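S.K.: One structure is given below, represented as structure tokens, and several questions about it will come after.
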Amino acid sequence: MNSTLTRNLVSKTISASLLAALFTTARTQAAPLVIPSMTLLATDVNAGTGPSFIVSGNFGPTDTVSERATGTVDLAFGGHIANAAGVILAPATTNLGGHPGETILSSGVLSSVQAPYGAVLIGNSALGFFPLFPADASAGYGSPTAPSDITIMSRSLGSIFGPGFVGLINGTVLQLRINDINTFGNSGGLSLTPVPEPAALSLLGVAMLFRGISILRTRSVRE
């Protein structure tokens, strides 16, 4: 067997393995719900005001969402400033006695559960409204210098909407709102942007490797 034939055979074997990995990854990864880029204002508290989007596809409790939020929600004329998870950033003592790195819970106007003041809620009148970003250490909970830029990666929809959640169907309208009891003295806002899922990035990497092997195989044949 000459060297050219050997190279082609090895190249085909590697390409087939990469292609198999590509299909396996695509088949096993959870489907990501994509929340489009949008701006959410601190005054977007009530059901009739604020951004919404239409769900494309069907999703279950194990499907996921990845999203980034930057900015701050300023409530009560700056008396309570929080990030998208509702973790307090300022002032040193808020109008309700909270401090940076803490949260103060409220059912607000829409929330179906006790959620931090200023937290981003996602849902609709049928599903209810639930916090999109968990108020955990990644969002600065427990830190006196909580960040205004936070991200969730591959958070399951079941963990957002709770144990009674069975799924979303194509065409469902979801709304994004801020958890508060009113809009009086509210200012500021958040920029929300979707983040590529880790599984999607792995899939892209495998595809690029497969493309590179294909190019090398073509060059070997020409030689």
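The values are calculated or read from the model by the stated rules, or taken from the named source; none is laboratory data. Since the model is a prediction, treat every value here as computed from it, not as a measurement. Positions of Cβ are generated from backbone atoms using ideal geometry, with glycine treated the same way; all protein chains shown enter the neighbour counts.
S.K.: Looking at (1) farther than 17 Å from Asn179 by Cα; (2) in contact (Cβ under 8 Å) with a residue 40 or more places away in the chain, find the lone condition where Thr93 falls short.
M.R.: (2)
S.K.: Given the stretch 127-191, what strands (runs of 3 or more DSSP E) lie entirely inside it while holding 1 or more residues that are under 15 Å from Asp44 (Cβ atoms)?
M.R.: 128-131, 173-178
S.K.: Let me ask you something else. So which residues in the stretch 49-71 are buried (at least 16 other Cβ atoms within 10 Å of the Cβ) and more than 17 Å from the chain's Cα centre (by Cα)?
M.R.: Matches in the stretch 49-71: Gly50 only.
S.K.: From the set of residues in the stretch 96-151 that are under 27 Å from Phe165 (Cβ atoms) and without any contact (Cβ under 8 Å) to a residue 12 or more places away in the chain, which is surrounded by the fewest Cβ atoms within 10 Å (Cβ to Cβ)?
M.R.: Across the stretch 96-151, the extreme among qualifying residues is Ala126.
S.K.: Working carefully through the options Thr93, Thr39, find the one that is outside any loop (DSSP other than H, G, I, E, B), surrounded by fewer than 17 Cβ atoms within 10 Å (Cβ to Cβ) and in the same structural domain as Ile160 (by TED's automatic domain parsing).
M.R.: Details: Thr93 fails: outside any loop (DSSP other than H, G, I, E, B).
Exactly one of Thr93, Thr39 is outside any loop (DSSP other than H, G, I, E, B), surrounded by fewer than 17 Cβ atoms within 10 Å (Cβ to Cβ) and in the same structural domain as Ile160 (by TED's automatic domain parsing), namely Thr39.
S.K.: Looking at the stretch 56-90 only, could you name the residues that are hydrophobic (A, V, I, L, M, F, W, C), within 17 Å of Phe129 (Cα to Cα) and not in a strand (DSSP E or B)?
M.R.: Ala84, Ala85
S.K.: Does Asn8 fit the bill of being modelled with pLDDT of 95 or more and either out of contact with any His (no Cβ under 9 Å at 6 or more places or on another chain) or not aromatic (Phe, Trp, Tyr) (or both)?
M.R.: The answer is no for Asn8.
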